[in-house]
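Nothing in this text is a laboratory measurement; each read-out follows from the coordinates by a stated rule. Source: prediction; values computed, not measured. As a convention, Cβ positions derive from the backbone with ideal geometry for all residues, glycine included, and neighbour counts pool all protein chains shown.
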Amino acid sequence: MNVIEISDTRDPAIEHPDGGEFYVASGVEDVLEIVRIPYTRAALTVRFMVRKLLDAAVIEDVTR
């Protein structure tokens, strides 16, 4: 779990947490950018796993 602080006075820390171990966003656009990378990775991982499962199922059906 990550903490995202929304602040008008602090410098944004979008790509990496700042020294306080949390991200700093200046608005909603920054928050969306912060959560985009991990969710994209998770979606790509699920896509890869499903593709491998489907490929394995097709191979098993063909070789029976």
Item to check | Summed side-chain charge close to THR45 - residues other than THR45 whose Cβ falls under 13 Å, Lys, Arg +1, Asp, Glu -1 | outcome: +4
Checklist entry - Which length gain, in nm to one decimal place, applies between ILE4 and LYS52 when the Cα-Cα distance is subtracted from 0.36 nm times their residue separation? => result 13.8 nm
